[in-house]
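One structure, as structure tokens, below. Some questions next.
The values are calculated or read from the model by the stated rules, or taken from the named source; none is laboratory data. Nothing here was measured: the structure is a model prediction, and the numbers come from that model. Glycine also receives a Cβ, built like all others from the backbone with ideal geometry; neighbour counts cover every protein chain displayed. Just so you know, the surface numbers come from the protein's heavy atoms only, side chains and all, with ligands and any DNA or RNA stripped out. Shrake-Rupley method; radii C 1.70, N 1.55, O 1.52, S 1.80 Å.
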Amino acid sequence: MRIYYLALLFSGLGWLQAQPASQLSADQVAAMEATLQEDPGDRVTRSRLLMHYATAQRSSPSQETILARRKHILWFVEIAPESPYAGMGSTWIDAAMAPKDPEGRKAVIQAWREVAAREHLPGDAYANSLRYLSTEDPALAVQTVRRALADPRLSKMGYWNAGKAIAAVILGATSLMLGESMSAAEPARSEAAPAQEARKILAESTAPGFLGAAVRALSNGQSMLRARKVESTVDADSLIEPVLARWAVRDRNDAMPFWVTMEVLQRRADAERIKERKLDLWTKAFEAGEMARKRGGEPDAGMARNQVQVAFEAGMHDKAVAYGTALLASPGTGSTQGQNVHDVNCWLGSIALQRGDKAAALRHLAEAAKSAGSPALGSFGPDFQLARDLASAGERDAVIAYLEGVRKFWKSGQGKLDDWMASLREGLVPSFNRFASPKTDRQKLVGKPAPVIPALATVGGERWDLAAHKGKIVLVDFWATWCVPCRQQMPALSAFYKAHKDEGFEMIGLSSGEDPEVVKSFLAKNPVSYPMAVAPDGVVNAYEAHTLPSAFWVNREGVVVAVDVGAGPDTEGELKRRWNQVKSGSLPQSRVVAVSGENSALQVIQRQQPGFTEEARKAGVNAALKVRMVVDVDGVPRDLKVERGAGFGLDERALATIADWRFKPAYRVGKPVATTTTVEVAFRTAGTMAMSRLLLDAPAGASRPVLERGRVPEPRSAGVFTVAFAVDETGGVEFVKASPEDTEWAAAAREALEKWHFQPARLGNAAVAVKATLEVTSSRR
């Protein structure tokens with residue numbers, strides 16, 4: 001996948017580099033237009049104006065903007081068709097722009113036709129014209145390619161664009177993305193005369209630059225069309241293989257055919273879903289890379305990175321380590337360096353982890369976090385496999401530190417990074433799905449009909465449909481083969497299903513984001529009693545199951561009544577408690593008890609109940625808290641502050657939820673006024689009457705410790721009971737004092753705290769100790 005993402009991005013670098021020009025003021029635009037009146041040949045000024053007009057036309061086009069842009073595009077095409085500015089994205093009136101300027105599109109296409117008809121053209125004029133003609137006039141594009149290949153003055157860019165144009169015509173492309181990747185095609189075009197002529201050129205040509213570009217573009221284009229589910233009648237692989245074979249035989253001292261073969265096979269392996277075929281493709285790609293080296297071909301830094309990945313995926317780990325170590329010693333420059341430092345360290349870290357050397361894996365993860373980034377990493381984010389595996393192995397602190405490093409270059413993923421780090425601090429393992437929406441809250445599904453799970457084929461070959469089990473209690477469990485907590489709780493889930501399947505209980509295990517063959521192979525070695533299937537992306541997203549394991553309990557009416565995230569040490573006990581709660585209808589719930597303030601006319605018009613946190617649920621917490629705030633004249637709350645807290649993450653949950661409330665503002669003398677308001681929230685767990693709160697005395701600026709395991713002890717008599725303790729840098733608990741002392745409560749509190757464990761508090765990158773007090777108020781008599 002990384003290969004064609006890079007091609008996609010690099011093709012638009014001219015646009016990206018000139019983006020500041022899009023911020024021109026009206027006075028600057030007028031001054032630059034005046035400059036061109038005096039010096040029409042000032043190409044730099046004209047190109048900056050083009051960037052400005054292209055941005056304006058996309059956002060809020062005026063007729064003046066459209067006509068000005070068209071004028072400057074036509075100047076470049078007619079006067080300077082060979083210039084690099086004529087080939088930039090800002091000189092294109094593409095499919096998205098065409099409805100805003102159909103006349104301009106026709107004029108520009110006709111201008112390029114006239115350029116292509118000229119008797120003498122410099123190489124880059126061929127290149128620039130072919131970017132348009134390949135989709136707008138395939139027949140003329142083919143003629144222009146023939147002319148270009150016969151011209152001894154053809155530039156490197158000319159060969160490159162000629163190859164891409166031939167690929168576009170063969171695939172029947174009707175549009176390109178940033179002039180590189182096919183985003184639409186018509187099967188009829190791929191069968192038409194121009195496409196047949198393009199195939200003939202591909203079969204006859206001996207120009208290495210042209211062949212390399214054509215083969216790469218065919219492979220890239222077909223992959224992009226498949227990814228967009230665009231139908232194509234072309235089997236690009238059957239066209240590519242004979243070209244590569246002919247090229248390799250003819251140019252026996254040229255390593256490039258084998259480097260290109262490796263790249264093409266790499267892309268095919270990325271797209272392959274069947275495990276055995278995927279491994280075979282990775283192995284063939286590895287062999288192609290080895291053959292290139294035997295021919296004396298030293299790869300450039302980008303191709304060297306591809307070879308490290310190919311060796312890693314093919315299981316040739318010694319080679320991957322050797323090539324990767326050499327590449328890290330000289331990782332290239334600029335964005336290539338950033339990509340190499342990150343990716344190679346992640347692959348070498350994964351190899352170390354597979355070999356049982358966790359310390360080396362952690363070192364590589366830390367080195368990957370030092371990457372300066374690249375266009376691809378900045379747009380799509382990195383592959384988080386190593387981070388996910390280390391988090392699953394319990395190295396959550398190291399993964400949090402890595403994500404902080406990723407934050408520097410993955411600007412579009414800030415929300416996801418925040419969510420993942422929050423999950424890790426709660427002792428959970430996120431799935432690291434780069435395409436999931438950030439700030440998910442699974443608890444919001446509680447009380448609502450369960451999202452649809454369509455009929456799925458189970459690993460056992462049966463069909464499973466959620467709607468078919470209405471009238472039963474259903475447990476929907478999202479998991480993955482890589483998730484250690486998921487694997488650890490599977491025996492308990494299997495035993496629980498066997499014990500209760502005849503009591504109106506049904507269950508489905510849904511593997512999240514995995515290859516069906518991988519799941520099938522895993523379950524063959526680790527069988528379970530309950531049905532298993534692979535979850536479609538739509539189902540994972542509907543349930544927002546991006547932290548694993550995630551379990552959703554659905555009652556007999558088809559309503560989600562509880563969500564359990566993560567796996568504790570007592571899966572059997574948790575399942576038993578939850579089963580009894582769902583059967584009886586007595587589930588943990590939160591309730592807004594009161595909204596009051598200095599002005600009784602204040603009304604809530606939009607609100608959501610603050611849900612339980614995982615640590616509060618697992619700890620069996622009953623609690624009440626109060627939030628004080630100011631409701632502004634527009635009905636939006638501000639200056640929120642917890643007046644009486646509960647701890648266990650409930651304070652933060654309440655603040656975040658109430659901040660999204662909206663009010664009908666209070667009025668005084670006919671005008672809206674700001675008013676101070678308090679909101680009281682009660683959190684209730686079935687089976688206990690005691691009210692709890694956890695008070696923490698953390699150093700200034702430190703995060704709070706997050707309870708991973710442990711339940712709140714319940715006093716046997718009425719009164720207020722406390723226990724003071726400390727959470728050390730490892731998350732362990734040290735008992736200090738219980739009050740009243742020398743009582744049954746003190747003994748019970750000490751025994752309970754011995755089982756507690758926290759994700760430790762952190763101040764910067766260091767874990768710190770925190771003093772804490774648990775207060776329990778009981779009305780028991």
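Just checking, how many residues over the stretch 180-205 are under 20 Å from Met88 (Cα atoms) and open to solvent by less than 10 Å² (accessible area, probe 1.4 Å)? Give the derivation first.
Keep residues of the stretch 180-205 that are under 20 Å from Met88 (Cα atoms), which gives 180-183.
Those left that are additionally open to solvent by less than 10 Å² (accessible area, probe 1.4 Å): 181-182.
Of the residues in the stretch 180-205, 2 are under 20 Å from Met88 (Cα atoms) and open to solvent by less than 10 Å² (accessible area, probe 1.4 Å).
What single numbered condition from (1) in a loop (DSSP other than H, G, I, E, B); (2) more than 24 Å from the chain's Cα centre (by Cα); (3) modelled with pLDDT under 85 fails to hold for Ala184?
Here Ala184 meets the rest and fails (1).
Against the conditions (1) surrounded by fewer than 15 Cβ atoms within 10 Å (Cβ to Cβ); (2) touching a helix residue (DSSP H, G or I) at 6+ places or on another chain (Cβ under 7 Å); (3) part of a strand (DSSP E or B), where does Glu734 fall short? Just the number, please.
(2)
If the requirement is being charged (D, E, K, R), touching a residue at least 60 places away in the same chain (Cβ under 8 Å) and in contact with a Phe, Trp or Tyr (Cβ under 9 Å, 6 or more places away or on another chain), which of these qualifies: Glu775, Glu734, Glu754?
Only one candidate passes the filter, namely Glu775.
Would the stretch 267-276 turn up any residue that is modelled with pLDDT of 85 or more, among the β-branched types (Val, Ile, Thr) and either closer than 23 Å to Thr333 by Cβ or surrounded by fewer than 17 Cβ atoms within 10 Å (Cβ to Cβ) (or both)?
Taking every residue of the stretch 267-276 in turn, none turns out to be modelled with pLDDT of 85 or more, among the β-branched types (Val, Ile, Thr) and either closer than 23 Å to Thr333 by Cβ or surrounded by fewer than 17 Cβ atoms within 10 Å (Cβ to Cβ) (or both).
In addition: Hey, does the stretch 503-513 have a residue that's closer than 30 Å to Arg684 by Cβ, among the small types (Gly, Ala, Ser) and modelled with pLDDT under 90?
No, every residue in the stretch 503-513 fails to be closer than 30 Å to Arg684 by Cβ, among the small types (Gly, Ala, Ser) and modelled with pLDDT under 90.
Just to confirm my filter: which helices (runs of 4 or more DSSP H) fall fully inside the stretch 205-317 and include at least 1 residues that are touching a residue at least 60 places away in the same chain (Cβ under 8 Å), out of contact with any strand residue (DSSP E or B) (no Cβ under 7 Å at 6 or more places or on another chain) and aromatic (Phe, Trp, Tyr)? Write out each step before concluding.
Numbers: elements: 208-227, 236-250, 256-271, 275-294, 301-313.
Output list reads 208-227.
Quick one: in the stretch 318-354, of everything that is of a type in the set (Val, Ile, Thr) and part of a helix (DSSP H, G or I), which residue is most open to solvent (accessible area, probe 1.4 Å)? Break it down into steps so the answer makes sense when it comes.
In the first step, residues of the stretch 318-354 are kept if they are of a type in the set (Val, Ile, Thr); the result is 321, 325, 333, 336, 341, 344, 351.
Next, from what is left, pick out any that are part of a helix (DSSP H, G or I): 321, 325, 336, 341, 344, 351.
On the way: Val321: 46, Thr325: 79, Thr336: 45, Val341: 32, Val344: 0, Ile351: 2 Å².
Among those that are of a type in the set (Val, Ile, Thr) and part of a helix (DSSP H, G or I), it is Thr325.
Looking only at the stretch 435-449, count every residue that is under 11 Å from Val563 (Cα atoms), at pLDDT 70 or above and in a loop (DSSP other than H, G, I, E, B) and tell me the total.
Of the residues in the stretch 435-449, 2 are under 11 Å from Val563 (Cα atoms), at pLDDT 70 or above and in a loop (DSSP other than H, G, I, E, B).
Same structure again: Look through the stretch 511-533, keep the residues that are surrounded by 22 or more Cβ atoms within 10 Å (Cβ to Cβ) and in contact (Cβ under 8 Å) with a residue 40 or more places away in the chain, and return whichever of them is farthest from Ala455 (Cα to Cα). Write out each step before concluding.
Here is the first cut: in the stretch 511-533, the residues surrounded by 22 or more Cβ atoms within 10 Å (Cβ to Cβ) are 511-512, 532-533.
Of the ones still in play, those that are also in contact (Cβ under 8 Å) with a residue 40 or more places away in the chain are 512, 532-533.
Details: Ser512: 16, Met532: 12, Ala533: 10 Å.
Ranking the candidates gives Ser512 first.
Quick test of your reading of the structure: Val631 fulfils all but one of (1) within 31 Å of the chain's Cα centre (by Cα); (2) buried (at least 23 other Cβ atoms within 10 Å of the Cβ). Name the failing condition by number.
For Val631, the failing item is (1).
Let me ask something else about it. Within the stretch 305-330, count every residue that is aromatic (Phe, Trp, Tyr) and within 25 Å of the chain's Cα centre (by Cα).
Let us first name the residues in the stretch 305-330 that are aromatic (Phe, Trp, Tyr), namely 312, 323.
Restricting the remaining residues to those that are within 25 Å of the chain's Cα centre (by Cα) gives 312.
The qualifying residues number 1.
Which of the residues belonging to the stretch 101-140 are part of a helix (DSSP H, G or I) and either of a type in the set (Asp, Glu) or free of Cβ contacts under 8 Å to residues at least 24 places away in the same chain (or both)?
The first filter runs over the stretch 101-140 and keeps only residues part of a helix (DSSP H, G or I), leaving 102-116, 123-136, 138-140.
Across the stretch 101-140, the qualifying residues are Pro102, Glu103, Arg105, Lys106, Gln110, Glu114, Asp124, Glu136.
Checking Ala398 against (1) open to solvent by 20 Å² or more (accessible area, probe 1.4 Å); (2) assigned to a loop (DSSP other than H, G, I, E, B); (3) not polar (S, T, N, Q), only one condition comes out false. Which one?
Failing condition for Ala398: (2).
While we're on this one: Assuming Met303 fulfils every condition listed in (1) at pLDDT below 90; (2) in contact with a Cys (Cβ under 8 Å, 6 or more places away or on another chain) apart from one, which condition is it?
Every condition holds for Met303 apart from (2).
Further, regarding this structure: Looking only at the stretch 210-229, how many residues end up being within 22 Å of Arg250 (Cα to Cα) and open to solvent by 40 Å² or more (accessible area, probe 1.4 Å)?
1
Given the condition surrounded by 15 or more Cβ atoms within 10 Å (Cβ to Cβ), at pLDDT below 95, touching a strand residue (DSSP E or B) at 6+ places or on another chain (Cβ under 9 Å) and part of a strand (DSSP E or B), answer yes or no: does some residue in the stretch 489-500 qualify?
No: zero hits.
While we're here: Among the residues of the stretch 661-708, write down those that are part of a loop (DSSP other than H, G, I, E, B) and polar (S, T, N, Q). Talk me through it step by step, then tell me what you get.
Of all residues in the stretch 661-708, those part of a loop (DSSP other than H, G, I, E, B) come to 661, 665, 669-670, 674, 685-690, 698-705.
Once the filter is applied, which keeps residues that are part of a loop (DSSP other than H, G, I, E, B) and polar (S, T, N, Q), the stretch 661-708 yields Thr685, Thr688, Ser703.
For Gly611, indicate whether it is open to solvent by less than 80 Å² (accessible area, probe 1.4 Å), touching an Asp or Glu at 6+ places or on another chain (Cβ under 8 Å) and within 30 Å of Asp477 (Cβ to Cβ).
On the way: open to solvent by less than 80 Å² (accessible area, probe 1.4 Å): yes; touching an Asp or Glu at 6+ places or on another chain (Cβ under 8 Å): yes; within 30 Å of Asp477 (Cβ to Cβ): yes.
Spelling it out, Gly611 is indeed open to solvent by less than 80 Å² (accessible area, probe 1.4 Å), touching an Asp or Glu at 6+ places or on another chain (Cβ under 8 Å) and within 30 Å of Asp477 (Cβ to Cβ).
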